[in-house]
Amino acid sequence: MRTQTSALRSKDLLGIEPLSPEEITLILDTAEGFKEVSERPVKKVPALRGQLVINLFMEASTRTRVSFEIAEKRLSADTLSFSASGSAVEKGETLIDTAQNLMAMAPDMIVIRHKHPGAPKMLADRLPASIINAGDGAHEHPTQALLDAFTIREKLGRLQGVNVSIIGDISHSRVVRSNIHLLTKMKANVTLAGPPSLMPVQIERMGVRVVNSLNEAIEGADVIMMLRVQLERQGKLSFPSLREYYNTFGLTPERLRRAKEGVMVMHPGPMNRGVEIASDVADGPYSVILEQVTNGVAVRMAVLYLLGGAHMAE
Ligand code: CP
């Protein structure tokens, strides 16, 4: 049974949707403390000593996977990284059989990325380990939204009342779904823009404003979050050409001149340079894209610590 020592209500982090504003604030505050650990000469604390974390990445990843591995090592956990390639998954073993076999070796936490929405929940319902969603299909990517929020709060000092415009391939993005849940819970103002073919119908029901053009979206924005065009999730292009996409929804230096002075430009990565964002903007003075990556380690340390500590208290 979960005890009062557990600061998060669930043993798992499956998405932002089930979290309360207080839980989000707790994770961000905890991450603030952990950011300092990464700036020390000896970047390690003993918080998860003796705990085993398995990273089960069944879909490609650079940032999330490396960031979780670093976070686990900085917390002194034992870690093991597992991918479909080279495993019995290639012989047809199912996800649940794979997970149950891994569970037989007593991990305390499993971090999972999977192409199917709901795969982390399926494991969470069946396994005693804490399950952390590292991205499931087009459903959620909770630690990405948490690191985005951490970066905004660090720069602007708050989330409430901040104008965040998210631009691009809304339909295929788990990042946008988690960000909408988080930002609206924390009372930020969210505006979306993108090609109509990549904008889900009735997305306004999630508490966001939808505009038709990139110029309209960036006007008055404190934060511009560009999304990757997810070519791998589109059977065929949902717009006439990549050149036309860039001409209509690409963030160029010329377009950025219309934005507020000091606007933050964000992107979860990986970027399609010259499609959704120009290199001069991605590498320019308003970009916080690499700071997002740095902050990802502290945020993932916080999530692992809060779930791992709770697990030990059970
Ligand atoms: N932002 C993000 O999830 O990047 P990766 O796919 O490289 O993990």
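Coordinate-derived values only; no laboratory data. What you are looking at is a predicted structure, and each value in this text was computed from that prediction instead of being measured. Quick reminder, even Gly has a Cβ in these numbers, built from the backbone with ideal geometry, and neighbours come from all protein chains shown.
Structure data summary
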item: Crossing angle, helix 63-74 versus the chain [Cα axis fit, 0-90 degrees, rounded to tens]; result: 40 degrees
item: Semi-axes of the equivalent ellipsoid for the stretch 142-292, Cα gyration tensor, largest first, Å; result: 21, 18, 14
item: Cross-link partners of residue 91 among lysines (Cα-Cα below 23 Å; sequence separation of 8 or more within a chain); result: 115
item: Distance (nanometres) between label positions extended 7 Å along Cα→Cβ at residue 199 and residue 104; result: 5.2 nm
item: Cα pair distances exceeding 23 angstrom across the stretch 1-141, given as percent; result: 36 percent
item: Pairs of alpha carbons in the chain whose separation is greater than 37 Å (percent); result: 15 percent
item: Check: the chain dipole with +1 on Lys, Arg Cβ and -1 on Asp, Glu Cβ, in debye; result: 60 debye
item: Given 11/43; 44/73; 11/185; 43/73, the pairs whose alpha carbons are separated by over 18 Å; result: 11/43; 11/185
item: Pairwise centroid distance, computed over Cα atoms, of the stretch 62-85 with the stretch 94-157, Å; result: 12 Å
item: Within-15-Å neighbourhood charge of residue 66 [Cβ basis; K, R +1; D, E -1]; result: +4
item: Sorted peptide list for 23-31, 129-137, criterion being average Cβ within 10 angstrom, highest first; result: 129-137, 23-31
item: Using alpha-carbon coordinates, inclination of helix 21-35 to the longest axis of the chain, degrees; result: 80 degrees
item: Equivalent ellipsoid semi-axes, the stretch 204-300, via Cα gyration tensor eigenvalues times 5, rooted, Å; result: 21, 18, 16
item: Alpha-carbon centroid distance for the pair the stretch 223-249 / the stretch 253-290, whole angstrom; result: 15 Å
